[in-house]
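Inspection log for the structure reproduced underneath, given as structure tokens.
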Amino acid sequence: RAGDILVSGVYESEQTKQNLFAYARGDFIACVEEKVDYTVLRQEKRKAYYRDLTLRSIYFFGLNIPLYVGRLPKQNADISRRSSLVKINAQSVPVGIITYDVCLYNTEEYSLTDSELNEKINSFLEQMLDDEYGADNILSRDISISLESDSARAVGSIKVLEDIGIEAPLISNELNDDE
């Protein structure tokens, strides 16, 4: 039952007839039932790429001189940066070309079909259960999936092997000689 001590670090010394203390630990694996209730939404957002740009600038001792008009976009763009610096005697010097690869996109909302939504909830459920309990620890499942107009919901229970032991500090009422 909850609160029972199954492993104790207290033992009686054969020489002094006093209790001695040591660190003790154990694993107590039990089959427990856990409730499952996960929901995923039908509406999703995705990026619709519409233009790729390559922009360059000259880098000269900390000064960045653009070879393009305007500024780098701050929103709705994926930007990667590459730099090619001049080398003198195998040592890079702060002079070179910086290249920006820019992919512009619009954000679109779309609705998943029933089959896409079913696939999404199943893969989400598998990932969540594996992350939380580990695939080898799940003994059985009783989960039903329902598709609704705006979401999918997985409800049920699983039986899993779980370590139910709780490690607790040992509190002693005995006084030391110093006290």
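The values are calculated or read from the model by the stated rules, or taken from the named source; none is laboratory data. Quantities reported herein were computed from a predicted structural model and do not represent experimental measurements. Cβ sites come from the backbone with ideal geometry, for glycine too, and all protein chains shown count toward neighbours. With ligands, DNA and RNA removed, areas are computed over all heavy atoms of the protein, side chains included. Shrake-Rupley method; radii C 1.70, N 1.55, O 1.52, S 1.80 Å.
Among strands (runs of 3 or more DSSP E) entirely within the range 28-116, having at least 1 residues that are open to solvent by less than 80 Å² (accessible area, probe 1.4 Å) and touching a residue at least 40 places away in the same chain (Cβ under 8 Å) singles out 29-41, 43-60, 91-111. Counting the residues of the range 127-166 that are closer than 19 Å to residue 42 by Cβ and not aliphatic (A, V, I, L, M) gives 8.
Within the range 156-179, restricting attention to residues that are among the charged types (D, E, K, R) and outside any loop (DSSP other than H, G, I, E, B), which residue is modelled with the highest pLDDT?
Quick first cut of the range 156-179, residues among the charged types (D, E, K, R) only: 159, 162-163, 167, 174, 177-179.
Among the residues that remain, those that are also outside any loop (DSSP other than H, G, I, E, B) are: 159, 162-163.
Working: 159: 94, 162: 86, 163: 83.
The residue in question is 159.
So, of the residues in the range 11-26 that are assigned to a loop (DSSP other than H, G, I, E, B) and open to solvent by 100 Å² or more (accessible area, probe 1.4 Å), which turns out to be nearest to residue 166 (Cα to Cα)? Spell out how you get there, then give the answer.
Looking only at the range 11-26, we keep the residues that are assigned to a loop (DSSP other than H, G, I, E, B), and these are 13-18, 22-26.
Imposing the further condition that a residue be open to solvent by 100 Å² or more (accessible area, probe 1.4 Å) reduces the set to 14-15, 17-18, 23, 25.
Details: 14: 29, 15: 32, 17: 29, 18: 26, 23: 14, 25: 9 Å.
The residue in question is 25.
In the range 117-142, the residues that are within 13 Å of residue 161 (Cβ to Cβ) reach residues that are part of a helix (DSSP H, G or I) and open to solvent by less than 60 Å² (accessible area, probe 1.4 Å) with C-beta atoms within less than 7 angstrom, at least six apart or across chains, in these pairs: 138/129. Pairing residues of the range 150-171 that are more than 20 Å from residue 131 (Cβ to Cβ) with residues that are loosely packed, with under 14 Cβ neighbours inside 10 Å and basic (Lys, Arg), at Cβ distances under 9 Å and at least 6 apart in sequence or on separate chains, gives 165/25; 167/25. Among the residues of the range 132-154, is any in contact with a Phe, Trp or Tyr (Cβ under 8 Å, 6 or more places away or on another chain), part of a strand (DSSP E or B) and of a type outside the set (S, T, N, Q)? Checking the range 132-154: at least one residue is in contact with a Phe, Trp or Tyr (Cβ under 8 Å, 6 or more places away or on another chain), part of a strand (DSSP E or B) and of a type outside the set (S, T, N, Q).
For the range 96-120, which residues satisfy the criterion of being among the hydrophobic types (A, V, I, L, M, F, W, C) and modelled with pLDDT of 95 or more?
Matches in the range 96-120: 97, 98, 102, 103, 104.
The residue that is farthest from residue 150 (Cα to Cα), among those in the range 14-43 that are modelled with pLDDT under 90 and among the hydroxyl-bearing types (Ser, Thr, Tyr), is 16.
With the requirement that a residue be more than 11 Å from residue 36 (Cβ to Cβ), open to solvent by 80 Å² or more (accessible area, probe 1.4 Å) and acidic (Asp, Glu), what does the range 117-147 give you?
Filtering the range 117-147 for residues more than 11 Å from residue 36 (Cβ to Cβ) gives 117-124, 126-127, 130-131, 134-137, 139-140, 146-147.
Filter once more, keeping what is open to solvent by 80 Å² or more (accessible area, probe 1.4 Å): 119, 126-127, 131, 136, 139.
Within the range 117-147, 119, 126, 131, 136 qualify.
The condition of being at pLDDT 90 or above and closer than 30 Å to residue 122 by Cβ holds for only one of 82, 46, that being 46.
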